[in-house]
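Right, one structure below, let's go through it.
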Amino acid sequence: MTAPLDRSQVIERLRGQAEAVRSCGATSLSVYGSVARDEAGVTSDIDLFIDDDPASRFNAFDLIGIKLMLEERLESTVDITTRDGLHPMLTADIEASALQVFSWHAISDMRFQT
């Protein structure tokens, strides 16, 4: 990629992959770091964290699968973890600055409202 993607481009592209990410077991996806601050440069990666259904069998292989799929489709380096995998001393700051790309709980709730 020759020019860095700005925040809105990254979010738009990630939303386009929402169903594929969901099919791997994620229930929500958030972006943080330089992309969320709209300060990404040419060498910046895309920092993401996901939530997964605790009742599911989501594991590290699923997380790696999401990473590899998004890197291929976004043509950019992706750094991804689960919300629980965030460093405990950084979690509050990361969550405060993160932008939620999608949440299947919110989408499901909206579908069933009359």
**Separation of the Ala96 and Asp45 label points, Cα + 7 Å toward Cβ, nm** = 2.5 nm
**Item:** For the chain, size of Cβ-based charge dipole, Lys and Arg +1, Asp and Glu -1, in debye
**Value:** 280 debye
**Item:** Helix-only mean residue ellipticity at 222 nm for the chain, each DSSP H run of n ≥ 4 adding -39500 (n - 2.57), per residue, nearest 500
**Value:** -11500 deg cm²/dmol
**Asked** How large is the convex hull of the Cα atoms of the chain per residue, expressed in Å³ as a whole number?
**Response** 113 Å³
**Prompt:** Got the relative contact order for the range 7-114 handy, in percent, Cα pairs under 8 Å and 6 or more residues apart?
**Reply:** 36 percent
**Message:** Over the chain, with the other protein chains present, what is the accessible area per residue in square angstrom, probe 1.4 angstrom?
**Reply:** 62 Å²
**Prompt:** Are there GluC sites (Glu not before Pro) in the range 20-74 that DSSP marks as loop and that have at most 15 other Cβ atoms within 10 Å, and which are they?
**Reply:** Glu39
**Request:** Can you send over the carbon and sulfur percentage of the accessible area for the chain, probe radius 1.4 Å, protein chains only?
**Result:** 51 percent
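The values are calculated or read from the model by the stated rules, or taken from the named source; none is laboratory data. Please read all numbers here as calculations on a predicted model, not as lab measurements. FYI the Cβ positions are ideal-geometry reconstructions off the backbone, even for glycines, and counts take in every protein chain you see. Heavy atoms of the whole protein, side chains included, go into the accessibility calculation; ligands, DNA and RNA do not. Shrake-Rupley method; radii C 1.70, N 1.55, O 1.52, S 1.80 Å.
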